[in-house]
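Notes to accompany the following structure.
Please treat every number below as a calculation from the coordinates, not as lab data. Quantities reported herein were computed from a predicted structural model and do not represent experimental measurements. In this analysis, Cβ positions are derived from the backbone assuming ideal geometry, glycine residues included, and neighbour counts consider all displayed protein chains.
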């Protein structure tokens, strides 16, 4: 099989579909791996690190898409990439189609078979999405901390506090992979942390991050009170393949004090906060009612070396099965197919769009 890895073109996206070692594993199994020249540079992998492992370097994205049986990339097709795809071709990447009807229609028109990282499920887990959620949760706190600085338009708060100065209050919607990582880092910094989570067992796990962590059921009044008193509000709600549910509305955001910060990790799936709208690292923030919003749709792209290494490692067990002729018989892979041959396949997307 010919496996193509194009350069990511989403603004300031530095990740690469596969690190050199992952490509080598495919080459050793007899597959031809094509890499667009320069695709790995932002992740710290020059072309030579691929070429010396048997990867074929290609000059343009057009050549990658024309020659490949399987395209492996990180983010959803962007710009004119959907029109480069074709019927009979496999696409393996993040898609997040529930939040983007236009992209969905363009991919349907291409006839490509699209398998989404975020819909690969195994034993109730999302193994390929998980490491990116780990990163996004931590970056949410890191970015939120910086945006609280006075020079960034924030309220001038040191999130962890210090003697004679009270700590900041971090409110997290959702205690899963991303929310849990955000809670752990915020707690370690010394902030006062409130996490809203529905599962009691998970609440217990979150509380173990420290005495400064409170885990609560997301009753509407409890969420409203916490949001109004939050210095940093993090949205981290995910339902696989579908839009994130709206947990916080604009009226609740308007009660936050000026200079507070919102980071919505679930923006890829439409966001769980009404005032969320997608941004890029070129222009990452905007304000609503005096509250700074950071809603970048490719947050892990800020740390491409770490993210690319983690993504390749989590993806490889499934990619090695996807390159087999009978991959359609693989329950996890077929369950992750979003669309194929011009038709929506994933039941959640079918319910949404048909």
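Measure nothing but the geometry: give the 0 to 90° angle between the long axis through the Cα atoms of 304-322 and the longest principal axis through the Cα atoms of the chain, rounded to 10°.
Long axis of 304-322 versus the principal axis of the chain: about 50 degrees.
Just the number, please: Stokes-Einstein D of the range 171-298 in µm²/s, Kirkwood Rh from C-alpha pairs, 10 °C, 1.306 mPa s.
Value of D from the Cα-based Kirkwood radius: 110 µm²/s.
Pop a pseudo-label 7 angstrom from the Cα along the beta-carbon direction at both residue 320 and residue 224 and give the gap in nm to one decimal.
Taking the two extended label points, one gets 5.3 nm.
Roughly what angle does helix 129-147 make with the longest principal axis of the chain, taking Cα atoms, 0 to 90 degrees, to the nearest 10?
Around 40 degrees separate the two axes.
Using bins 5 angstrom wide from zero, how does P(r) for the range 145-227 break down, in % of all Cα pairs?
P(r) over the range 145-227, rounded to whole percents: 3, 16, 24, 23, 18, 10, 4, 1, 0.
Beyond 14 Å, what share of the Cα-Cα pairs of the range 49-102 is found? Please give it as a whole percent.
Roughly 61 percent, rounded to a whole number.
Could you check which residue among 199, 18, 322 shows the biggest mean-square fluctuation in a GNM of the chain with a 10 Å Cα cutoff?
199
What whole-number distance in Å separates the alpha-carbon centres of the range 272-311 and the range 182-234?
Using only Cα atoms, the two centres lie 21 Å from each other.
In whole percent, what relative contact order does the range 1-79 give with Cα contacts below 8 Å and a gap of six or more residues?
Once normalised by length, the contact order is 45 percent.
Could you grab the relative contact order for the chain? Cα pairs under 8 Å, six or more apart, rounded to a whole percent.
Over the chain, the number comes to 19 percent.
Work out the FRET efficiency for residue 1 and residue 62 from their Cβ-Cβ distance, taking R0 = 25 Å, and round it to the nearest 0.05.
Working from the Cβ atoms, E equals 0.80.
Quick one: order 115, 172, 239, 247 by neighbouring beta-carbon count within 10 Å, fewest to most.
Ordered from fewest to most neighbouring Cβ atoms within 10 Å, 115, 172, 239, 247 come out as 239, 247, 115, 172.
Mean projection of the alpha-carbon convex hull of the range 258-314 over all orientations, in nm²?
4.5
Pick out which of 281, 219, 45 has the largest mean-square fluctuation in a Gaussian network model of the chain, springs linking Cα atoms closer than 10 Å.
Its mean-square fluctuation being the largest, the pick is 219.
Counting only DSSP beta bridges with both residues in the range 129-297, tell me the antiparallel percent, nearest 5.
Close to 20 percent.
On alpha-carbon atoms, Rg over Rh for the chain using Kirkwood Rh?
A ratio of 0.99.
Please arrange 320, 107 by how many other C-beta atoms lie within 10 Å of their C-beta, fewest to most.
So the residues, fewest neighbours to most, are 320, 107.
By counting other Cβ atoms within 10 Å of each Cβ, how are 119, 285 ranked from fewest to most?
Fewest-to-most Cβ neighbours within 10 Å comes out as 285, 119.
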